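Below you'll find the structure, written out as structure tokens, and then a few comments.
The values are calculated or read from the model by the stated rules, or taken from the named source; none is laboratory data. Because the structure is a prediction, the values reported are computed rather than measured. Using ideal geometry, Cβ is built from the backbone for each residue, glycine included, and neighbour counts are taken over all protein chains shown. When the accessible area is computed, the model is the full protein with side chains, heavy atoms only, and any ligands, DNA or RNA have been set aside. Shrake-Rupley method; radii C 1.70, N 1.55, O 1.52, S 1.80 Å.
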Amino acid sequence: MSWPQVYLGVALTTLATLLLELSLTRIFSVVFYYHFAFLAISIALFGLGAGGVFSYVVAGWQGSLFRKLGILAALNSVLVVGALSLVLLGPSEGKMGFADLALVYFAAALPFFFAGAIVSLAISETIERVDRVYFFDLMGAAAGCLALIPLLNVLGGPNTVIGAGVLFAASSAIWFNLAGAPRGRALSVFTALLLVALIVFNLKGALIDVRYAKGQQVVREIFSQWNSFSRIGLAPERDGSGMMSIVIDADASTGIANFNFDQPLTERQLKDLRYQGPGFPYLVRPAAKTLIIGPGGGWDVARALASGSKDVTGVEINNIIADTIMRRRFPELSQRLYFRPEVRIVVEDGRSFVRRSSEKYQVLQMTLVDTWASTAAGAFALSENNLYTVEAFRDYLQHLTDDGILAFTRWGFDPPRESLRLLSLARVALGELGEREAWRHVMVIREGGEKELQEWGARDTVLVSRKPFQPADLARAREGLSKGGMYAVYLPDQPGKNHFADYLLSKSPREYEQNYQFDISPVRDNQPFFFYSVQPRDLWSYLMRENAGRADFKINIAVPMLFGLIAVSVIATLVILALPPLLLGSKLPREKGVLKFLTYFVCIGAGYILIQVALIQKFVLFLGHPTYALTVIVFSMLVSSSLGSYYSRRVLLGDDKRLAAALGAVFLLVVMLALLASPVSTAGVGWPPWLKFATTVLLVAPAGFAMGMPFPTGLYRLENWHKPSVRWAWSLNAASSVLGSAGAIFLAIYIGLQNTLLVGGVLYLLALASVWTTQPQRASTEPLLAGKL
């Protein structure tokens, strides 16, 4: 056996599998809603687990091992393109029913099913070197993590998926070469070349691309480009105005401001810029030194300039918007707005920029900055957003001058949700800075009437001042309101009778939050679900409500979606557990202690995915970008876990006491991570990126190393004890990972990210208990493990 070729075949398979999984998160976000991005992780885990069980069926087929692996890999290279085509068909009428969700789930799982069968066969047939094979398994996945971002940036989402098919075909050629089958090898190479040609053609002709998204046809785009966390399109506004709009993931959009500031603006232009909600902060604080988070197509930049501002900084996270469209390909659409001397554009996460900045501003503005587009992590199943937390508001307020104001424009509804929650964040953040009378620091104005409040038409603009608003500020506000289509909902000296006044003037804000129709309680970095506003007491009624308004459907779609995904995950788990008896005639073992030890694989499967999901989110702020968090955390865990697997036999020596020590070490190291993540994030705000990356790797690697030991060691232990139960170990480990991926989001919502991390650590303690309470009955023949040591 040529071991280097075996290792390379396994590594290429897992490299392709991870690329497929993470690129699907991007495509799901575009074609469906961003909540579906999480689906790819569950699909991958289900397919890999079911494939692991199916590998036992394949093992019984006639023919050599490597010929069977070659056939499976070649077939999978074609299935990848088929799954992509199915996903790109998109939902009907903008939403998916349970049957549609299940169809996408199980059809898209097929490539992962075959990948799982390939890896499982390779590992089970090379059990004498399982530690090394598992090492290359994880190293291949780590390489896929590194390759993801450049491939998405260069090739785009669909072509990256096709690229995964190329890698499966390449692995097929290796398996056929090991089998001594030159025809199969030639066919695999030919398939790989065809897929490469398809990628080249698709880059120019867009043969396989997004045609329908969110139930609507994608039309009239004059430009589109993918990167690791979005698909950006450029198309005319739908209102027929002739203005151009930047569209993010075929859903969120930002218009391109088209004003010539080298000559006086017309009255109509001034009205558009000054006397709309996002222009209101510049009526109160004209010619301000301004920081705009999420400037997009430049409307807020134009508003600041129209008020006389000479120092405007815009922080845009998406380089396609800030650089490709606004400064390189289409600068004339905005009359070169981002090249003006008064304007400075920075491509960076807004929160990260604020935390490391030493400057102070008179206006800090965010207009409809949403997270309708997911990150490449896929684990962000809901609308978590670190821009809208108590800690974020404290950061913003600390970067204001004494006369500075924060300006947030959000969608207005009756009763209010988002805009009222902004007040709860401001109240707590102001209190932490010593300001106890939040009602004196707030103004709320609105555009739109009763009809607009029921749909997506009204906009609330909330101003929060660093110090209490002065009479002169209120006078300027009233003067501006008298000239435009806005009206005051709340002013400190004229609060009126409404939800905003009731909340700010309430003697017990917490009691008001508890009794309010929606959840408007302040959210923190540990539970950054700003847009999720369903009260826990109303969870069941919301799930049963069929006629929810469009606004509630989109904002809180996470509720039915989360439970729908959990339901599908449960079905997938039952399918995995049904495969051994159905396909293999294998019943749950009755030997004493074996069934109890199988819970070991359940615990480490769920624990690993819980820890990984929580760590990705916890390190977003520190690393400054969701994509960096995904890449560094997943890469660190895969590489360190692969090393842990590689050295597991040398370190643990098949000894239960050492295995128990490794499991206990995982718990202690996870507790350390939970305690250190926030302090390190705060202390390292101004560190250079390379130092942040290195620090993250050093923090995560010890836990990852320890987490790489239990799985191969547990398989050794079970192989020696009761070999038929190994197939159940694969099934239960995969099933628990599927449920753990859904459970990670559920736990994050209701108990927070830090506690989710700790729950993952506790599961390793339960695995430790499984080891201590089971004593394998060794076979009379020489144990396999002892022979290999």
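Structure notes:
- Enumeration of residues in segment 168-187 that are in a helix (DSSP H, G or I) and over 16 Å from V10 (Cβ atoms): P182, R183, G184, R185, A186, L187
- I320 passes every criterion in (1) modelled with pLDDT of 95 or more; (2) under 17 Å from M244 (Cβ atoms); (3) open to solvent by less than 10 Å² (accessible area, probe 1.4 Å) apart from (1).
- Of P111, P158, all but one fail to be in contact with a strand residue (DSSP E or B) (Cβ under 9 Å, 6 or more places away or on another chain) and either surrounded by fewer than 19 Cβ atoms within 10 Å (Cβ to Cβ) or touching a residue at least 24 places away in the same chain (Cβ under 8 Å) (or both); the exception is P158.
- Single residue of L24, L15 found to be touching a helix residue (DSSP H, G or I) at 6+ places or on another chain (Cβ under 6 Å), surrounded by 24 or more Cβ atoms within 10 Å (Cβ to Cβ) and modelled with pLDDT of 90 or more: L15
- Index of the failed condition, L8 passing every other in (1) more than 30 Å from the chain's Cα centre (by Cα); (2) of a type in the set (A, V, I, L, M); (3) open to solvent by 10 Å² or more (accessible area, probe 1.4 Å): (1)
- When F711, F693, F746 are checked against the criterion of being modelled with pLDDT of 80 or more, of a type in the set (A, V, I, L, M, F, W, C) and closer than 17 Å to L610 by Cα, a single residue qualifies: F711.
- Taken over segment 418-442, the criterion of being more than 15 Å from H499 (Cβ to Cβ) and over 27 Å from the mean Cα position of the chain (by Cα) is satisfied by V428, L430, G431, E432, L433, G434, E435, R436, E437, R440, H441.
- Subset of segment 195-220 [on the phi < 0 side of the Ramachandran plot and either open to solvent by 60 Å² or more (accessible area, probe 1.4 Å) or in a strand (DSSP E or B) (or both)]: V196, V200, F201, L203, K204, L207, R211, Y212, A213, Q216, Q217, V219
- The set of residues in segment 244-283 being closer than 28 Å to R220 by Cβ, in contact (Cβ under 8 Å) with a residue 12 or more places away in the chain and of a type in the set (S, T, Y) consists of S245, T254.
- Conditions (1) farther than 19 Å from V390 by Cα; (2) at pLDDT 95 or above; number of the one not met by L430: (1)
- R510 falls short on exactly one of the conditions (1) in a helix (DSSP H, G or I); (2) in contact with a Ser or Thr (Cβ under 7 Å, 6 or more places away or on another chain); (3) within 23 Å of A748 (Cβ to Cβ), and that condition is (2).
Quick grid of which residues meet (1) modelled with pLDDT under 95; (2) outside any strand (DSSP E or B); (3) surrounded by fewer than 20 Cβ atoms within 10 Å (Cβ to Cβ):
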{"site": "V369", "(1), (2), (3)": "yes, yes, no"}
{"site": "S374", "(1), (2), (3)": "yes, yes, no"}
{"site": "N385", "(1), (2), (3)": "yes, yes, yes"}
{"site": "Y388", "(1), (2), (3)": "yes, yes, no"}
{"site": "Y396", "(1), (2), (3)": "no, yes, no"}
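- If you go through segment 242-285 and keep only what is more than 35 Å from the chain's Cα centre (by Cα) and outside any helix (DSSP H, G or I), you end up with F259, N260, F261, D262, Q263, P264, L265, T266, Y275, R285.
- Test: residue in segment 309-316 that is open to solvent by 20 Å² or more (accessible area, probe 1.4 Å), without any contact (Cβ under 8 Å) to a residue 60 or more places away in the chain and either outside any helix (DSSP H, G or I) or more than 18 Å from Q225 (Cβ to Cβ) (or both): yes
- Listed by position, the strands (runs of 3 or more DSSP E) inside segment 398-488 whose residues that are open to solvent by 30 Å² or more (accessible area, probe 1.4 Å) number at least 2 are 400-411.
- Selection from segment 752-775 of residues that are open to solvent by 20 Å² or more (accessible area, probe 1.4 Å) and not in a helix (DSSP H, G or I): T773, Q775
- Residue check, Y600 modelled with pLDDT of 70 or more and open to solvent by 20 Å² or more (accessible area, probe 1.4 Å): no
- Listed by position, the helices (runs of 4 or more DSSP H) enclosed by segment 670-751 that each have at least 1 residues that are under 22 Å from the mean Cα position of the chain (by Cα) and buried (at least 23 other Cβ atoms within 10 Å of the Cβ) are 689-707, 726-751.
- For segment 514-535, the criterion of being touching a helix residue (DSSP H, G or I) at 6+ places or on another chain (Cβ under 7 Å) and within 30 Å of S307 (Cβ to Cβ) is met by at least one residue.
- Among (1) farther than 30 Å from E125 by Cα; (2) of a type in the set (A, V, I, L, M, F, W, C); (3) touching a residue at least 40 places away in the same chain (Cβ under 8 Å) - the single one A206 does not satisfy: (3)
- A288, sole failed condition from (1) part of a loop (DSSP other than H, G, I, E, B); (2) surrounded by fewer than 24 Cβ atoms within 10 Å (Cβ to Cβ); (3) of a type outside the set (D, E): (2)
- Looking across segment 699-728, the residues that are closer than 19 Å to G761 by Cβ and either β-branched (V, I, T) or without any contact (Cβ under 8 Å) to a residue 12 or more places away in the chain (or both) come down to V700, T713.
- For segment 489-498, filtering for residues that are buried (at least 21 other Cβ atoms within 10 Å of the Cβ) and over 19 Å from A426 (Cα atoms) leaves 0.
- For C145, the conditions (1) farther than 20 Å from L75 by Cβ; (2) open to solvent by less than 40 Å² (accessible area, probe 1.4 Å); (3) modelled with pLDDT of 90 or more are fulfilled apart from (3).
- Count of segment 228-240 residues which are farther than 19 Å from V87 by Cβ and buried (at least 17 other Cβ atoms within 10 Å of the Cβ): 3
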